[in-house]
């Protein structure tokens, strides 16, 4: 198994900040901590080459430097690339992250790096790069390279990695289904018993962090504002011509209401299957309140009404996709000079 | 306090024959007798009986509930009380069960319905990659493939189907009445060991209305506040499922044999004192009713002297919010919780995994991500229709689906040890 090791000018022994502009270069065999890496890898893998670049140069001129580093790495025909570890060094961390991403995406070769959990590069690359957590400084070199070598060998053997907590790498933002021995109920009871005994326990489902959606300020003067009707209720014209799905909607739709004073019973159906829609079938205006909006416009209480309504289905919606639909709809509304939205949720 | 002897007769094969009888794991079923029990209700026109076994290249669609046959051979009340007899307290005496057999309802409804009252497919997949997530795939299933009769509404028809299936379940289990069971387990929580923590099980079921409901002693629960049951009442069928929402339903055979009940009984007298079951209804319409229900559930736990609560729930979305509020109310009442959640997160598990949470939910066990996908291989036998409800796809060929469209996937993933983990 052929390993290429990427490192900065400092770990290569070239110099510190004064040598941060060191140009990309390639050396046969190990350099600096590469000797320890080789020791950890044992006889199954060989560090065939080391590619070095100054942190300053890589950070300042990344778009020229990264391809050159990648070219030098590719020349060694590696099976696996190891970058760093970068510990808590910010620019070095970003360089290691970028090198790993390029190696995986462009060379289609597995790559691994290591850095301190709070290194700024972790947030940037954690979803795309395999990283082991390390100490803040090179004092943690041996532990870091032990973990890196173990995983590098697995990558080189094309073995599938287990969960992050088992293998010892930083989670990459992906939760996969796995099989364990005990039922979830039995494991929840185990967690409970640990709590009751005052023992340490770890939840299996970390609580998510949501982006808070703050209610906007009231519309200052609705009498001059164009209003649009938007809903996730799944109210669509009879026959569902846009094929909106009843769960996990893959798209949003818009329908013309220019010539209508109200939505007539029988012309619409509800494809959302999460609530009792009989009231809406009886009067579709209760989901898309065209009748009331027309009345408000007639009385001059709102400026005007947009000629289309927008609809998707919120049932079992995937959050990131729903967020994207909202952005797309909002962009269209903005282009049509809409100043306020009546958003009917179900 | 209730003591129940549960005698289990495992069913490994079933076949049709002249007389209904059980022998060494083989059940012979008298087709005509079963048929007569079903069509005695004019609301059902006809029934066709089919059998499927684990490993069969078979897929079943339009499945409603599934029931493991139970019958009361000694003691008060009956099994499935409220349906198969008066609503008298069950859970004591001796019950016989045909372990691993399911009486499974397969039917379309007579009248069109939309919104929440529309039928949602939950596919039973007997082999291949989907079988792992499909409840029923490891069971011998007797399918009652039904044709509606003189039912005036879908609700009427649903009632007829439920009652017919429970009659059949009792009839089949009766075949073991005079036989010596291979296995008898005695269930009791009367003996409480000093020094061990008292733990209740919060069993939140979904009851929203027709098509999405749970029955307690023969009556649907949408008007119920949380109530206390002895675990043995569940073993005897005090709860019957009538929730037909894709994979997030709990069929009756899982109410009568639930992984939470098993876990608690296994630990009873060793690590815990099992203090009882609090059955709560999920899917309240508004914040007021949600809070009211959560508060009552927590108060019952306090009154039962609970130190801890194992919390599990059926369904998702709205009901998940109810569930989190119960966890919060328990924690605020000083009762530690351990709770099971199934996760979302999108096909790759990269999105947010829970639709709602409370900061008190600090001890959660995962039963896996239910919107990850699986590709089902074409099958030789398709039962229940030709096309999938809702999706409209031809149902016999290859299907690419999220796990939650497999039958009772959430409860089965809990039971089989599915767990989402960070990668």
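Numbers for the structure displayed
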item	result
5 Å-binned pair-distance histogram of the range B:259-343 (Cα, whole percent)	3, 15, 26, 24, 19, 9, 3, 1, 0
Overall form of chain A per C-alpha gyration tensor (a/c, 1.5; a/b vs b/c)	prolate
Residue order, fewest to most beta carbons within 10 Å, for B:46, B:351, B:322	B:46, B:351, B:322
Debye equation applied to the C-alpha atoms of the range A:87-225, log10 I(q)/I(0) at 0.09, 0.15, 0.18 Å⁻¹	-0.44, -0.89, -1.10
Residue A:18-residue B:398 FRET efficiency (beta carbon distance; Förster radius 51 Å; 0.05 resolution)	0.20
Between helix A:184-197 and chain A: long-axis angle, C-alpha atoms, 0 to 90°, nearest 10	70
Helix-derived mean residue ellipticity, 222 nm - over chain A, DSSP H n ≥ 4, -39500 (n - 2.57), to 500	-10000 deg cm²/dmol
Principal-axis tilt of helix A:141-156 within chain A, Cα atoms, nearest 10 degrees	70
Average silhouette area of the range B:144-230, convex hull of alpha-carbon atoms, in square nanometres	9.6
Residue order, fewest to most surrounding Cβ atoms within 10 angstrom, among B:327, A:213	A:213, B:327
Ellipsoid equivalent to the range A:23-143 - semi-axes via the Cα gyration tensor, in Å	19, 18, 14
Point-to-point label distance, residue B:74-residue A:194, nm (Cα→Cβ direction, 7 Å offset)	4.4
Calculated FRET value between residue A:295 and residue B:377, using beta carbons and R₀ = 56 Å, to 0.05	0.50
Whole-angstrom Cα spans of the range B:337-377 along principal axes, big to small	41, 17, 11
Tilt relative to chain A, helix A:319-335 - C-alpha long axis, 0 to 90 degrees, to 10	60
For the range B:144-249: relative contact order, % (alpha-carbon pairs under 8 angstrom, 6 or more apart)	21
Dimensions (Å) - chain B, Cα atoms, principal axes, largest first	58, 50, 42
Rounded FRET efficiency, nearest 0.05, which uses the C-beta distance separating residue A:343 from residue B:299 and R0 of 35 Å	0.40
The range B:7-124 - Kirkwood radius from inverse mean 1/r over Cα pairs (Å)	16.6
Inter-probe distance in nm under a simple model that places probes 7 Å from Cα toward Cβ, at residue A:138 and residue A:27	1.2
Residue list for the range A:206-247, given a label point 7 angstrom along the Cα-to-Cβ vector of residue A:307 and an amide N cut-off under 17 Å	A:226-229
The range A:1-84, relative contact order [Cα under 8 Å, separation at least 6], %	47
Scattering profile of the protein assembly as shown at q = 0.04, 0.08, 0.09, 0.10 Å⁻¹ [log10 I(q)/I(0), Debye over alpha-carbon scatterers]	-0.21, -0.79, -0.95, -1.08
Shielding by partners, peptide B:347-357 (average Cβ within 10 angstrom, other chains)	5
Per-residue average of Cβ from other chains inside 10 Å of A:197-208	6
Fewest-first ranking of B:290, A:19, using other Cβ atoms within 10 Å as the exposure measure	A:19, B:290
Relative contact order (%) - criterion: Cα under 8 Å, at least six apart; region: chain A	13
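Throughout, read-outs are computed from the coordinates displayed, never taken from laboratory work. What you see is a predicted model, and the numbers here were worked out from it, not measured in a lab. Virtual Cβ from ideal backbone geometry, glycine too; neighbours counted across all protein chains shown.
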